[in-house]
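Remarks on the structure that follows.
The values are calculated or read from the model by the stated rules, or taken from the named source; none is laboratory data. Remember, it's a predicted structure, so these values are computed and weren't measured experimentally. Please note: Cβ atoms are built from the backbone with ideal geometry, for glycine as well, and neighbour counts cover all protein chains shown.
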Amino acid sequence: MSVNKDQKNSQGRTLLDIAKDLVYGPRAQIYGHPADNFRTTANMWTAYLHQRMLREGLYVDFEFTPEDVAMFMALVKIARLANTPGHYDSLIDLAGYAATAARCLEASGE
């Protein structure tokens, strides 16, 4: 979804309104609960990290969590914002990943 500031102002919606719609709207219906989707991603990242560490002769018993996925995705958005500070879509996504992290924590009972 690409929303610029002018569209947001003309519709009277805030960045958080848009992020909420993304987190709880059609994406949630398509991908399911973020804890489930991010668990799959966490498992893939864990497998990748283990393989890389073994190749380097290292090993640490570590597993990514769905919450880690949300935080790392937020960091991707922050890195993008370092280069384009006013990019509205990245700000929306950053808010969305914070909400997604909260949903993952709620699902895990934390």
- [ ] May I ask you to verify whether Ala98 is surrounded by 12 or more Cβ atoms within 10 Å (Cβ to Cβ) and over 22 Å from Leu15 (Cα atoms)?
- [x] no
- [ ] Show the residue pairs that are 6+ apart or on different chains and have beta-carbon atoms under 7 Å apart, the first residue being within the range 75-98 and closer than 23 Å to His33 by Cα, the second being of a type in the set (Lys, Arg).
- [x] Ser90/Lys77; Ser90/Arg80; Asp93/Lys77; Leu94/Lys77; Tyr97/Lys77
TODO: Taking Val60 as meeting all but one of (1) over 19 Å from Glu110 (Cα atoms); (2) part of a helix (DSSP H, G or I), write down the number of the exception.
DONE: (2)
- [ ] Would you mind finding the one in Arg80, Arg52 that is among the charged types (D, E, K, R), modelled with pLDDT under 95 and assigned to a helix (DSSP H, G or I)?
- [x] Arg52
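Please count how many residues of the range 63-77 are part of a helix (DSSP H, G or I) and either touching a strand residue (DSSP E or B) at 6+ places or on another chain (Cβ under 9 Å) or more than 13 Å from Ala101 (Cα to Cα) (or both). Break it down into steps so the answer makes sense when it comes.
Taking the range 63-77 first, the residues part of a helix (DSSP H, G or I) are 66-77.
Right, trim to either touching a strand residue (DSSP E or B) at 6+ places or on another chain (Cβ under 9 Å) or more than 13 Å from Ala101 (Cα to Cα) (or both) and you get 76-77.
The qualifying residues number 2.
Report whether or not Met44 is buried (at least 17 other Cβ atoms within 10 Å of the Cβ), closer than 29 Å to Gly109 by Cα and modelled with pLDDT of 95 or more. Before you say what the answer is, go through the steps one by one.
On the way: buried (at least 17 other Cβ atoms within 10 Å of the Cβ): no; closer than 29 Å to Gly109 by Cα: yes; modelled with pLDDT of 95 or more: yes.
Criteria not met by Met44.
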Open item on the list: Just checking, does the range 42-49 include any residue being under 15 Å from Thr100 (Cα atoms) and part of a helix (DSSP H, G or I)?
Closed with: yes
Open item on the list: Please count how many residues of the range 73-89 are within 14 Å of Ala19 (Cα to Cα) and within 11 Å of the chain's Cα centre (by Cα).
Closed with: 2
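Could we say that Asp93 is at pLDDT 95 or above, assigned to a helix (DSSP H, G or I) and touching a Lys or Arg at 6+ places or on another chain (Cβ under 7 Å) here?
Spelling it out, Asp93 is indeed at pLDDT 95 or above, assigned to a helix (DSSP H, G or I) and touching a Lys or Arg at 6+ places or on another chain (Cβ under 7 Å).
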Open item on the list: Against the condition under 15 Å from Arg27 (Cβ atoms) and hydroxyl-bearing (Ser, Thr, Tyr), how does Thr65 come out, does it pass?
Closed with: no
Open item on the list: Looking at the range 1-30, I want the residues that are more than 17 Å from Ala102 (Cβ to Cβ) and have a partner that is of a type in the set (Ser, Thr, Tyr) and modelled with pLDDT of 70 or more with Cβ atoms under 6 Å, at least 6 apart or on another chain. Which pairs are those?
Closed with: Asn4/Tyr88; Lys5/Tyr88
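A quick yes/no check of all residues on (1) surrounded by fewer than 16 Cβ atoms within 10 Å (Cβ to Cβ); (2) acidic (Asp, Glu):
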site: Tyr24; (1), (2): yes, no
site: His33; (1), (2): yes, no
site: Arg39; (1), (2): no, no
site: Asp68; (1), (2): no, yes
